[in-house]
Amino acid sequence: MKVSVITNGISQDYETCCKIMQETGVQYDELQEVYGKRVELLSEQEAQQIKALNDQYGITPVSVTTHAFAGVDVMSLEIGDAIYEKHMNLLKNGIRVAKIVGAPQVRAMPFTKAIVLHGAHGSDQWNAGGNKAWPKFIELYRPIAALAEAEDMTITVENGFNAMIVSGYQCRKFIEELGCDKIKILWDPANALYYGDIPYPNAYNEIRDCLGHVHIKDLNCSIIEGWVDIKNIGHGMMAPYLDDIREALERDGYEGYISLENIYRPDGGDFVDGYYLDIPELKKRFE
C-alpha cells in the first residue's frame, strides 16, 4: 500500500501542492479541488496543466475525486431527469480529467442519506417510507455502473456522513446488489465511526473484498450531540484502530492507496500546519 494526499488539504494552487508533497516525500495524490474548482469542473486545458506539473515534480495522481451525486435525495430523482443528467455529466467530465492526468479511479458519491432504509411491522410505512429508498438507490446507480464499464474506469463510492451508504455493512450490501466489478468502495472509517460503526474488525471485515481506496483522518464525535472535532491522526477516536487496519490491509495484500484527508486545523494554525502534523503520522503507520 502507498500513502497519498488530497491536494486541496494543502493548497488550491496545484504547484504549491506539488512542492510541499515533494518536500514531505509524498509521490501520490488525489485531485478533489484545484484552482478553486471542484475537479469535475476543470477544463481540458487545466487538466493538461496538472499533468505537466505532475511530470515536472514526479507526482502520480491516483484518484479524481468528484462530488457527482452528492447531496441529492434519491426519492426526488429519476434516471434521465435534469438533475440526474447534470450529475452524470459532471461524472463524465471527471472521467475525462482522469484520463488526461492518468488517474486510475474516479470517485462518485452515493446521494444523500435516508435515515431509516428498511422497516417491518409498521415501521416500513411510518419510518422507512415504504422501504423504497434503498432499491431506488440501486436503480439510480445502474447507469453509473454501465458508464464505468463503457469507459473502462474504476469508480469508487465513498461512505459519507450524509450519504446513502455509511457503514461497512451498507457498503458491502450496495456492492453485492449492484454487481459491477468496476464499482468499488472508497472507505472512510472515520465517517462511519460517527454512526457507531466499529472500524476494525467489524467494518473492515465487511468491505475487505470490495475495497478500492481508503481515506484516513482522526476525530472525536458524538451523533447524540451532533458534533465532530477533527484531531491530529492518532489523537482521536480512530487511534485504537489504525494499527489493526494497517495490519489487516497488509495481511490481505491490499496494493492500493491510503489518502490523508487533511481537514485538521490546529489551534492558531491553518490547514497546511495540519498537513505537516498529520502526514508524518500517516506515513509512520501506512508506509
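The values are calculated or read from the model by the stated rules, or taken from the named source; none is laboratory data. Worth saying up front: this structure is predicted, and the values here are computed from it rather than measured. For neighbour counting, all protein chains shown are included, and Cβ atoms are generated from backbone atoms with ideal geometry for every residue, glycine included.
Tell me which of these residue 278 doesn't satisfy, since it passes every other one: (1) of a type in the set (Asp, Glu); (2) surrounded by 16 or more Cβ atoms within 10 Å (Cβ to Cβ); (3) without any contact (Cβ under 8 Å) to a residue 12 or more places away in the chain.
(3)
Take the conditions closer than 20 Å to residue 152 by Cα and either aliphatic (A, V, I, L, M) or out of contact with any Cys (no Cβ under 7 Å at 6 or more places or on another chain) (or both) and apply them to residue 72. Does it pass?
Values: closer than 20 Å to residue 152 by Cα: no; either aliphatic (A, V, I, L, M) or out of contact with any Cys (no Cβ under 7 Å at 6 or more places or on another chain) (or both): yes.
Answer is no for this residue.
Tell me, yes or no, whether segment 182-192 has at least one residue that is surrounded by fewer than 21 Cβ atoms within 10 Å (Cβ to Cβ) and either of a type in the set (A, V, I, L, M, F, W, C) or free of Cβ contacts under 8 Å to residues at least 40 places away in the same chain (or both). Full working, then the answer.
Taking segment 182-192 as the starting set, the residues that turn out to be surrounded by fewer than 21 Cβ atoms within 10 Å (Cβ to Cβ) are 182.
Still in the list and also either of a type in the set (A, V, I, L, M, F, W, C) or free of Cβ contacts under 8 Å to residues at least 40 places away in the same chain (or both): 182.
Yes, segment 182-192 contains a residue that is surrounded by fewer than 21 Cβ atoms within 10 Å (Cβ to Cβ) and either of a type in the set (A, V, I, L, M, F, W, C) or free of Cβ contacts under 8 Å to residues at least 40 places away in the same chain (or both).
For segment 214-237, give me the residue count where each residue is within 13 Å of residue 196 (Cα to Cα), among the polar types (S, T, N, Q) and surrounded by 14 or more Cβ atoms within 10 Å (Cβ to Cβ).
Summing the residues that are within 13 Å of residue 196 (Cα to Cα), among the polar types (S, T, N, Q) and surrounded by 14 or more Cβ atoms within 10 Å (Cβ to Cβ) in segment 214-237 gives 1.
Which residue pairs have Cβ atoms closer than 6 Å, lie 6 or more positions apart in sequence or on different chains, and pair a first residue in segment 66-79 that is buried (at least 18 other Cβ atoms within 10 Å of the Cβ) with a second residue that is assigned to a helix (DSSP H, G or I) and aromatic (Phe, Trp, Tyr)?
74/137; 77/84
Return the residues of segment 110-127 that are surrounded by fewer than 24 Cβ atoms within 10 Å (Cβ to Cβ) and either of a type outside the set (Gly, Ala, Ser) or within 16 Å of residue 38 (Cβ to Cβ) (or both); say none if nothing qualifies.
Scanning segment 110-127 gives 112, 113, 115, 116, 117, 118, 121, 124, 125, 126, 127.
Tell me which of these residue 199 doesn't satisfy, since it passes every other one: (1) farther than 26 Å from residue 1 by Cα; (2) out of contact with any Ser or Thr (no Cβ under 8 Å at 6 or more places or on another chain).
The one condition residue 199 does not meet is (1).
Only one of these is closer than 22 Å to residue 204 by Cα and hydrophobic (A, V, I, L, M, F, W, C): 249, 277. Name it.
So the residue among 249, 277 that is closer than 22 Å to residue 204 by Cα and hydrophobic (A, V, I, L, M, F, W, C) is 249.
Which condition number in (1) part of a loop (DSSP other than H, G, I, E, B); (2) touching a residue at least 60 places away in the same chain (Cβ under 8 Å) is the one that residue 249 fails?
Evaluating residue 249 over (1) part of a loop (DSSP other than H, G, I, E, B); (2) touching a residue at least 60 places away in the same chain (Cβ under 8 Å) leaves (1) as the failure.
Say whether the condition of being out of contact with any Cys (no Cβ under 6 Å at 6 or more places or on another chain) and within 26 Å of residue 83 (Cα to Cα) is met by at least one residue in segment 47-57. Let's see the steps before the verdict.
Within segment 47-57, the first condition is being out of contact with any Cys (no Cβ under 6 Å at 6 or more places or on another chain), and the residues that meet it are 47-52, 54-56.
Restricting the remaining residues to those that are within 26 Å of residue 83 (Cα to Cα) gives 47.
Yes, some residue in segment 47-57 is out of contact with any Cys (no Cβ under 6 Å at 6 or more places or on another chain) and within 26 Å of residue 83 (Cα to Cα).
Could you identify the single residue in 242, 219 that is of a type outside the set (Gly, Ala, Ser), within 17 Å of the chain's Cα centre (by Cα) and either under 29 Å from residue 95 (Cα atoms) or modelled with pLDDT of 95 or more (or both)?
Result of the check over 242, 219: 219.
Quick one: residue 176 ticks every box in (1) within 15 Å of the chain's Cα centre (by Cα); (2) surrounded by fewer than 23 Cβ atoms within 10 Å (Cβ to Cβ); (3) not aromatic (Phe, Trp, Tyr) bar one, so which box is it?
(1)
Against the condition out of contact with any Pro (no Cβ under 8 Å at 6 or more places or on another chain) and either under 21 Å from residue 90 (Cα atoms) or surrounded by fewer than 18 Cβ atoms within 10 Å (Cβ to Cβ) (or both), how does residue 209 come out, does it pass?
In short, yes.
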